[in-house]
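The structure appears right after this line, and notes come after that.
The values are calculated or read from the model by the stated rules, or taken from the named source; none is laboratory data. Here the structure is a predicted model, which means the values were calculated and not measured. A quick note on method: Cβ atoms are made from the backbone with ideal geometry, for glycine too, and the neighbour counts reach across all protein chains shown. These accessible areas exclude ligands, DNA and RNA; they are computed on the full protein's heavy atoms, side chains included. Shrake-Rupley method; radii C 1.70, N 1.55, O 1.52, S 1.80 Å.
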Amino acid sequence: MSDTLYYYCAPETLLSLFENKCFWLTSLTQSNDALEGRWMLREWLSKFGSGKEERLQQIGARVLVDGVLDDNLSLGVCFSEDGDVLSQWRGYAANGSGFAVGFRRGKLEELTDEQVALSKIGYGYRDLEDVNEVIGTLAEAFIGDAQRFRGDPAQIVQASLDPTPEKLALQRRAAMALFRVKNDAFYEEREWRLHLFERPKEIPELKFRATAKGVSPYKEIKFPADAVCAIVFGPRNQTPESVVSALLEKSGLAATGSQRQASYR
């Protein structure tokens with residue numbers, strides 16, 4: 001398990017990151033991956049049987065989980081155990097012109113609290129234990145009410161009226177767990193993430209920004225200066241190392257620079 005986690009970013013993001021010493025936890029459901037949280041839900045629902053009762057329970061389970069997903073925001077910032085992945089350079093670091101900033105995992109763990117968790121992402125059935133753990137959590141949280149479903153979504157709503165705080169917390173934990181496992185096609189990412197899953201009114205200092213596709217929520221989380229431990233230059237990054245060293249010094253950060261040797265193929 002890596003002690004350094006890398007955050008891939010464009011040059012302008014690096015400047016903002018260093019100036020403000022702050023992450024933005026942004027909407028995972030509005031990310032480029034349309035299956036964020038949905039791949040694991042689909043896998044769980046596929047475990048229901050094909051009989052009439054099982055199909056009704058499956059529909060009820062989906063209605064229940066969708067309700068929790070709709071009522072809460074899933075915000076996160078993503079890291080990789082690997083500071084040199086071509087797909088990450090292309091997708092998140094200005095097509096290779098950006099940087100991968102190395103953060104000490106222990107320092108990221110210090111940023112967690114009752115709402116924010118640092119999680120290692122599992123990848124499909126490469127990580128069967130993770131899959132089974134999430135399936136067990138979903139079953140514990142939702143199967144009881146799903147079994148009451150008989151074809152009318154209103155029955156599910158009625159069954160879930162005035163849930164106890166303990167039940168609400170269990171359902172939120174289960175829905176949050178959906179974002180801890182992804183399709184194994186993304187395995188090379190070796191992802192970790194700081195992740196928050198909560199009702200909007202319960203997120204302190206929640207902010208919003210305009211994007212190319214609309215409006216999206218985010219939350220800022222400050223990190224300490226000693227959290228940064230390395231800078232990796234993208235394969236198309238032409239910034240002199242002396243410039244980055246000066247930037248680090250001005251920002252009160254200490255890290256080592258390492259130029260990526262491989263080029264795009």
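A few points about this structure:
- The sole residue among GLY122, GLY98 that is within 25 Å of ALA227 (Cα to Cα) and touching a Pro at 6+ places or on another chain (Cβ under 6 Å) is GLY98.
- Yes/no for LEU128 being free of Cβ contacts under 8 Å to residues at least 24 places away in the same chain and either open to solvent by 70 Å² or more (accessible area, probe 1.4 Å) or in a helix (DSSP H, G or I) (or both): yes
- Any chance VAL77 is aliphatic (A, V, I, L, M) and closer than 25 Å to GLU188 by Cβ: yes
- When region 154-189 is filtered for residues that are part of a helix (DSSP H, G or I), modelled with pLDDT under 80 and surrounded by 15 or more Cβ atoms within 10 Å (Cβ to Cβ), the ones remaining, listed by number, are GLN155, ILE156, ALA159.
- Here ARG260, ARG265 are screened, and the one residue that is over 23 Å from PHE103 (Cβ atoms) and at pLDDT below 95 is ARG265.
- Hits in region 212-237 - residues which are over 30 Å from ASP113 (Cβ atoms) and without any contact (Cβ under 8 Å) to a residue 40 or more places away in the chain: ALA212
- Taking residues in region 26-42 that are under 16 Å from ARG172 (Cβ atoms), and partners anywhere that are open to solvent by 50 Å² or more (accessible area, probe 1.4 Å) and not hydroxyl-bearing (Ser, Thr, Tyr), the pairs with Cβ atoms closer than 8 Å and at least 6 places apart or on different chains are MET40/ARG180; LEU41/ARG62.
- Of all residues in region 5-52, those that are closer than 18 Å to TYR92 by Cα, at pLDDT 90 or above and of a type outside the set (A, V, I, L, M, F, W, C) total 9.
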